[in-house]
Amino acid sequence: MTRRRGCPLLAGVLLAGVFSCGLTSGSPMIDDVEPGSIGRGKPLEGAKLTVTSKEFTEQLILGTIMGIAFQAAGAEVVDRTGIQGSVGSREAVVGGDADAAYEYTGTAWITYQGNSKPLPDPREQWEAVREADRRNGVAWLEPSELNNTYALAMNQADFKKYGTRTLSEVAVLAKSDPAAVTLCVEGEFANRADGLPGLEKAYGMNLAAGNVTQMDTGIIYTQTAEGACTYGEVFTTDGRIKSMNLVVMEDDRKFFPNYNAAPVINTGTLKEWPAIPGVLDPVSAKLDNEVARTLNAKVDVDGEDPHQVALDWMVDEGFVKEK
């Protein structure tokens, strides 16, 4: 997944290396918000908290959502969202240079903690990640249903023609009508163990090389929408799924790793401000793939500002009020 690649630093990188990976001094968040359904009583009054994120759209939105929640609860917030790669934002939280971020369970389990086999149950995956990160000074709060992982999708015309809803049904189609199952995928997905090779093994598919076309990620969505391939590799929370009206196949054998988003908090920060879970848990509980697709599309398709998109959602959901 190209969006989850870190900068070329080791997990034990020195803090100076974090800055070279894109971390800057940040700027204050100055949203004029007050408590709605969260932050009542201003439990974070007096706190000075720094939020961080990776650089892609979804992360910018999630980091801003977190910062707005903290502000409504009374905290002063420094915005250090948009760090290039995964390792930089991770090390900022581990080292205490940032206090909090939204992270993905699969990224932590595989990239940071060095495991090769993901756990198929999302709750068990989160619990395993949470337990392993205790020794790293990172606390995981309750996860959301937002699961930004791989999937295969097709356009409406092909869906009406073939009617597949699950990857198992795609595998059946590949056997009964091999020419019908053509794929558009990125080069990385075509070769990763948790990509196409593993998918074929898990579902008993054996696609001909000529049925698989490798291309850049952005082109996959348009080519799938236009029907150049029957199925395209997508990310489950990408806004283009919604804007192009694609149909996502269910991973009914739970092959793809879980990448559920959850807040990660520096342990020292959480000890000093134990009210943080009460502020963030209700927000995380509202985040799912449909919400993510809608918000991501506002930025990537409609050209809106990620910060404004996050603020509008927080207000619309009643979490915060604008003064």
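Selection of first residues in the range 239-256 that are under 22 Å from Gly218 (Cα atoms) and free of Cβ contacts under 8 Å to residues at least 60 places away in the same chain and of second residues that are of a type outside the set (Gly, Ala, Ser) and in a loop (DSSP other than H, G, I, E, B), restricted to Cβ pairs under 6 Å at least 6 apart or on distinct chains, gives the following pairs, ordered by first then second residue: Ser243/Val301. Only residues that are open to solvent by less than 30 Å² (accessible area, probe 1.4 Å) and either touching a residue at least 60 places away in the same chain (Cβ under 8 Å) or in contact with a Cys (Cβ under 7 Å, 6 or more places away or on another chain) (or both) were counted across the range 125-142, and they come to 8. For the range 108-124, the set of residues classified as surrounded by fewer than 24 Cβ atoms within 10 Å (Cβ to Cβ), in a helix (DSSP H, G or I) and touching a residue at least 40 places away in the same chain (Cβ under 8 Å) consists of Ile110, Thr111, Tyr112, Pro122, listed by residue number.
Restricting to the range 292-307, name every residue that is part of a helix (DSSP H, G or I) and either aliphatic (A, V, I, L, M) or in contact with a Lys or Arg (Cβ under 9 Å, 6 or more places away or on another chain) (or both). Listed by number, the residues that qualify are Ala292, Arg293, Thr294, Leu295, Asn296, Ala297, Val299, Asp300, Pro306.
Determine whether the range 280-291 contains at least one residue that is in a helix (DSSP H, G or I), touching a Gly at 6+ places or on another chain (Cβ under 8 Å), open to solvent by less than 20 Å² (accessible area, probe 1.4 Å) and modelled with pLDDT of 95 or more. No, the conditions are met nowhere in the range 280-291.
Only one of the numbered conditions (1) under 24 Å from the mean Cα position of the chain (by Cα); (2) crowded, with 22+ Cβ neighbours inside 10 Å; (3) hydrophobic (A, V, I, L, M, F, W, C) is violated by Ala225, and that is (2). Among residues of the range 170-202 being in contact (Cβ under 8 Å) with a residue 40 or more places away in the chain and over 25 Å from the mean Cα position of the chain (by Cα), the one that is surrounded by the most Cβ atoms within 10 Å (Cβ to Cβ) is Val181. For the range 294-316, filtering for residues that are open to solvent by 40 Å² or more (accessible area, probe 1.4 Å) and in contact (Cβ under 8 Å) with a residue 40 or more places away in the chain leaves 6.
The values are calculated or read from the model by the stated rules, or taken from the named source; none is laboratory data. What you are looking at is a predicted structure, and each value in this text was computed from that prediction instead of being measured. Cβ: placed from backbone, ideal geometry, glycine included. Neighbour counts: every protein chain shown. Accessible surface areas use protein heavy atoms only, side chains included; no ligands, DNA or RNA. Shrake-Rupley method; radii C 1.70, N 1.55, O 1.52, S 1.80 Å.
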